[in-house]
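Have a look at the structure below, then the notes.
The values are calculated or read from the model by the stated rules, or taken from the named source; none is laboratory data. Predicted model only: the values in this text are computed from it and were never measured. Side chains included, ligands, DNA and RNA excluded: accessible areas come from the protein's heavy atoms. Shrake-Rupley method; radii C 1.70, N 1.55, O 1.52, S 1.80 Å.
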Amino acid sequence: MSDLLSAVGLVLALEGALYAAAPGAMKNFMRQALEMPDQLLRTAGIAALAAGVFVVWLVRG
C-alpha cells in the first residue's frame, strides 16, 4: 500500500510541476484536448497506461 501511495504522490508532484512551470501551455493543451475525438484520447490513455506498466515491470521485475 505504501508503494501505491508513493506512486500517487509522485504523479501529483510531476503534474503539479508541469502546471507550476508552464500554466499557459497546460491551458492550451486542455483546450486542444477538448477538441480531440474521444477515441484519440482513449488510445493515448491506453498507450500511457501500457508504458507505465512496462516501466514498473522493468524497475520491479
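What the table below lists for this structure:
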quantity: Rounded percent of accessible protein surface that carbon and sulfur make up, the chain, 1.4 Å probe; calculated: 73 percent
quantity: Kyte-Doolittle mean at least -0.5 and Cα axial length at least 27 Å: DSSP H helices in the chain; calculated: 2-21, 38-60
quantity: Helix-derived mean residue ellipticity, 222 nm - over the chain, DSSP H n ≥ 4, -39500 (n - 2.57), to 500; calculated: -31500 deg cm²/dmol
quantity: Space enclosed by the convex hull of the alpha-carbon atoms of the stretch 13-60, per residue, Å³; calculated: 74 Å³
